[in-house]
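What follows is one structure encoded as structure tokens, with my remarks underneath.
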Amino acid sequence: MNIILLGAPGAGKGTHSEMLVKDLGLRHISTGDLLREEVKKASPVGLEAKGYMDKGALVPDAVVMKLLAEAISGTGKSGGFLLDGFPRNESQAEMLEKELSSAGISIDRVLYLNVSEAVVIKRLTGRRICKNCAAVYHVVNMPSRKEGICDKCGGTLYQRPDDTSGTVLRRLDVYRKETEGLINYYKAKRILKEVNADLSRDDTYALIRESLGGK
Ligand code: ADP
Ligand code: ZN
């Protein structure tokens, strides 16, 4: 099964991706993680992307598309994958469709995590990420057992530079202008399922599993 997770920054795409890929054996493809990986390596792509990311803007389509194409080409037809943070606008959605159809693959489900703005702002500004394995925590809702240390791998937790309050508002604005339109795009294709993402992690996850037909 190939799935797209759609939703505002802070809707819980990263958290639920982790749970879904584990439970369904999917391959997790997060363009945000791929980009942060490039930034960490200080590769030419990373250097180009960093300026956009720190501002809360979208990285140019061509740059993201290249990373995505590489990630998808590794998946083959078996197993399935979960796209997290991609596509972010209609042109990315169209490029994805072309890329997949030439490989004989299609998207089975788009899960739209619908979250309110007040919830998002609280979640993002309290979010902490593992430097080493990219696991996601929250200082209030989901603290690590030891402050500042990842439960899974012992790595150091940090706050993403784009999770500070001003940049969060900018990212929400970009989401509204560029990404929100994809809800109707995938509704029209009849593969969209909407899930209430204001609930606790486990309650939202239960709805997600239900919407996938218990698969
Ligand atoms: P969030 O969904 O919480 O904003 P992501 O990790 O998905 O976080 O993305 C972080 C940043 O990476 C975005 O603000 C953007 O700059 C860049 N980015 C990620 N995915 C894409 C994409 N598909 N197209 C353009 N930019 C992207
Ligand atoms: Zn970790």
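The values are calculated or read from the model by the stated rules, or taken from the named source; none is laboratory data. This structure is a prediction, so every number in the text was calculated from the model and none was measured. Every residue, glycine as well, gets a Cβ built from its backbone with ideal geometry; the counts of neighbours run over all protein chains shown. Remember, those area values only see protein heavy atoms, side chains included, never the ligands or the DNA or RNA. Shrake-Rupley method; radii C 1.70, N 1.55, O 1.52, S 1.80 Å.
The Stokes-Einstein estimate for the range 1-133, based on a Kirkwood radius over Cα pairs and taken at 25 °C with 0.890 mPa s viscosity, is a diffusion coefficient of 158 µm²/s. Heavy-atom accessible area for ARG176, with the other protein chains in place and a 1.4 Å probe, reaches approximately 100 Å². Here the dipole of the range 95-200 is about 160 debye; that uses its Cα centre as origin and unit charges on the Cβ of Lys and Arg (positive) and Asp and Glu (negative). Of all aspartates and glutamates in the structure, those lying under 12 Å Cα to Cα from LYS193, and not within fewer than 8 positions of it along the same chain, are ASP108, GLU210. Taking every protein chain into account, the 1.4 Å probe leaves LEU100 with about 10 Å² of accessible area, to the nearest ten. With just the Cα atoms defining each centre, how far is the range 141-215 from the range 11-86? Give it in Å. If we compute the Cα centre of each part, the gap is 14 Å. Helical runs assigned H by DSSP (4 residues or longer) give the chain a calculated mean residue ellipticity at 222 nm of -14000 deg cm²/dmol, each run adding -39500 (n - 2.57) before division by the residue total.
Net charge dipole, the range 34-129: roughly 520 debye, given to the nearest 20, about the Cα centre with Cβ charges of +1 for Lys and Arg and -1 for Asp and Glu. Charge tally for ALA62 (other residues, Cβ to Cβ under 15 Å; Lys, Arg +1; Asp, Glu -1): -3. Of the whole protein surface, HIS28 contributes about 70 Å² of accessible area at a 1.4 Å probe radius. How large is log10 I(q)/I(0) at q = 0.25 Å⁻¹ when the Debye formula is applied to the Cα atoms of the range 85-144, each weighted equally and without solvent? Result of the Debye calculation: -1.00. Put a plus charge on the Cβ of each Lys and Arg, a minus charge on the Cβ of each Asp and Glu, and nothing anywhere else: the dipole of the chain about its Cα centre is then about 340 debye.
For a paramagnetic label modelled at 7 Å from the Cα of ASP54 toward its Cβ, which residues of the range 144-161 fall within the zone defined by backbone nitrogen distances under 12 Å? Answer for the range 144-161: 161.
Net charge near LEU113: determine it from the other residues with C-beta under 13 Å of the C-beta of LEU113, scoring Lys and Arg +1 and Asp and Glu -1.
On the way: positive: LYS13, ARG109, ARG123, LYS193, ARG201; negative: ASP84, GLU180, GLU194, ASP198, ASP203.
Around LEU113, the surrounding residues sum to 0.
Seen from ARG127, the other residues with C-beta closer than 9 Å to its C-beta sum to a net charge of +2, counting Lys and Arg as +1 and Asp and Glu as -1. Measuring nothing but how far apart in sequence close Cα pairs (under 8 Å, 6+ apart) lie, relative to its length, the chain scores a relative contact order of 29 percent.
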